Amino acid sequence: IYQYCRNEILCVRELNTNYRRWKIPTGLANLGEQLDEAIVREVMEETGIQSEFKSVLAVWHKHGMQFNRSDLYFACELQLNEGDNEKGKGPTISEPVAEKGEISETAWVPLEEYMKVIYEGGGHPVMQKIMKLRLQDTYIKQSIITMPGKKPSPIYHISEHDNVP
């Protein structure tokens, strides 16, 4: 989640296995859970911040992960649910709260600081690419598809053309 008004990104520090000072919230989808629902839930669990799914930024496919399985890592952009403050003078932005037992710290980190984190000490090539794409305003859209007799489900795509059936 990126706060345009303050130029900050929501980050966490896990209790264990911190390869970098800060990282974006991550997690696993529950069985039968839609991608957009899983991401919003994980951010809420790890940080206490309410958000809405906006887009997929990238998909990263790795092999040899937990239980020697393959892993699909979806980097997504979420929109912060900002409410009006008490005086009606702009948005109220909640301070994140770390999930007990999993997250040691969570914070709104200045984007400049986060960019340094993903480039220092050899860097994090995946997050470097994802942030480059995001800053270029490149992303994958979501549309909801309804099929007779089935629950509506999302499809993720690069772009829509009104003249294509």
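The values are calculated or read from the model by the stated rules, or taken from the named source; none is laboratory data. Because the structure is predicted, anything quoted here is derived from the model rather than measured. Here the Cβ is made from the backbone with ideal geometry for all residues, glycine too, and neighbour counts use every protein chain on show. Side chains included, ligands, DNA and RNA excluded: accessible areas come from the protein's heavy atoms. Shrake-Rupley method; radii C 1.70, N 1.55, O 1.52, S 1.80 Å.
Data table
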{"item": "Residue selected from region 60-80 under the condition over 16 Å from the mean Cα position of the chain (by Cα) and either at pLDDT 85 or above or part of a loop (DSSP other than H, G, I, E, B) (or both), by the criterion surrounded by the most Cβ atoms within 10 Å (Cβ to Cβ)", "result": "Met65"}
{"item": "Failed item, numbered, when Ile49 is tested on (1) in a loop (DSSP other than H, G, I, E, B); (2) loosely packed, with under 11 Cβ neighbours inside 10 Å; (3) at pLDDT 80 or above", "result": "(2)"}
{"item": "Test: residue in region 10-25 that is closer than 21 Å to His157 by Cβ and of a type in the set (Asp, Glu)", "result": "no"}
{"item": "Some residue of region 13-22 being at pLDDT 80 or above, touching a helix residue (DSSP H, G or I) at 6+ places or on another chain (Cβ under 8 Å) and closer than 30 Å to Lys150 by Cα", "result": "no"}
{"item": "Considering residues of region 137-160 that are within 19 Å of the chain's Cα centre (by Cα) and of a type in the set (A, V, I, L, M, F, W, C) only, the residue most open to solvent (accessible area, probe 1.4 Å)", "result": "Ile158"}
{"item": "Complete set of residues in region 130-156 that are touching a His at 6+ places or on another chain (Cβ under 8 Å) and either without any contact (Cβ under 8 Å) to a residue 60 or more places away in the chain or part of a loop (DSSP other than H, G, I, E, B) (or both)", "result": "Ser143"}
{"item": "Exclusive hit being of a type outside the set (S, T, N, Q), open to solvent by 70 Å² or more (accessible area, probe 1.4 Å) and in contact (Cβ under 8 Å) with a residue 12 or more places away in the chain, set Leu57, Leu15, Leu31", "result": "Leu15"}
{"item": "Residue, nearest to the chain's Cα centre (by Cα), within region 114-129, restricted to residues that are in contact (Cβ under 8 Å) with a residue 40 or more places away in the chain and open to solvent by less than 70 Å² (accessible area, probe 1.4 Å)", "result": "Met127"}
{"item": "Residues within region 81-103 that are surrounded by 13 or more Cβ atoms within 10 Å (Cβ to Cβ) and either in contact with a helix residue (DSSP H, G or I) (Cβ under 6 Å, 6 or more places away or on another chain) or modelled with pLDDT of 85 or more (or both), tallied", "result": "6"}
